[in-house]
Amino acid sequence: MAKPPSEPEFDRKVRFQARSISDDGYGNQISGPFEDKFTVWAALRPGGLSEAVAAARLEGTQVLHVYVRSSTQTRQITSEWQAVINDHGVARTYAITAQPDGITMPGFVYFQVKSGVAA
């Protein structure tokens with residue numbers, strides 16, 4: 001298992017977004033565009049060297065491991081959300097690829113994000 005992130009690693013602000021739910025006028029709920037929910041400091045680590053990650057690089061995607069401090073906000077994050085990370089002034093959107101894990105590492109919520117895929 002990976003070791004918990006240290007304080008200096010929390011050096012990036014990550015904005016989390018979820019799809020809005022609206023009424024289509026006929027009483028049905030439909031999902032709308034992504035809306036900002038909150039922004040928190042996060043520790044980002046590059047994806048490992050597994051075959052899936054190597055294949056993702058060939059497809060033009062980037063995999064990151066994201067650690068945020070556990071809170072009432074961060075425990076709301078699901079795999080239906082997306083993360084927006086500012087990288088030297090450029091906002092990059094990442095899909096959260098699996099249900100976040102808040103149990104394995106007490107005090108933190110961990111998940112993987114992937115760029116270049118639909119959220």
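The values are calculated or read from the model by the stated rules, or taken from the named source; none is laboratory data. Note that this is a predicted model, so its numbers are computed, not measured. Cβ coordinates were reconstructed from backbone atoms using ideal geometry, including for glycine residues, and neighbour counts include every protein chain displayed.
The table below lists the values:
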{"read-out": "Residue under evaluation residue 72, criteria (1) over 12 Å from the mean Cα position of the chain (by Cα); (2) β-branched (Val, Ile, Thr); (3) modelled with pLDDT under 90, criterion not met", "value": "(3)"}
{"read-out": "Some residue of region 15-25 being acidic (Asp, Glu), at pLDDT 90 or above and either at negative phi or touching a Leu at 6+ places or on another chain (Cβ under 9 Å) (or both)", "value": "no"}
{"read-out": "Contacts under 8 angstrom Cβ, first residue in region 77-102 being on the phi < 0 side of the Ramachandran plot and polar (S, T, N, Q), partner at pLDDT 90 or above and assigned to a loop (DSSP other than H, G, I, E, B), 6 or more apart", "value": "97/79; 99/78; 99/79"}
{"read-out": "Residues located in region 8-25, provided they are of a type outside the set (S, T, N, Q), over 19 Å from the mean Cα position of the chain (by Cα) and either within 24 Å of residue 88 (Cβ to Cβ) or part of a strand (DSSP E or B) (or both)", "value": "8, 21, 23"}
{"read-out": "Of residues in region 26-61 being assigned to a loop (DSSP other than H, G, I, E, B) and farther than 18 Å from residue 2 by Cβ, the one modelled with the lowest pLDDT", "value": "59"}
{"read-out": "Residues that are under 18 Å from residue 36 (Cα atoms), in contact with a strand residue (DSSP E or B) (Cβ under 7 Å, 6 or more places away or on another chain), of a type in the set (A, V, I, L, M, F, W, C) and in a strand (DSSP E or B), drawn from region 67-119", "value": "68, 83, 84, 85, 91, 95, 96, 113"}
{"read-out": "Leading residue by the ranking (surrounded by the most Cβ atoms within 10 Å (Cβ to Cβ)) among those in region 64-95 that are among the charged types (D, E, K, R) and under 15 Å from residue 111 (Cα atoms)", "value": "69"}
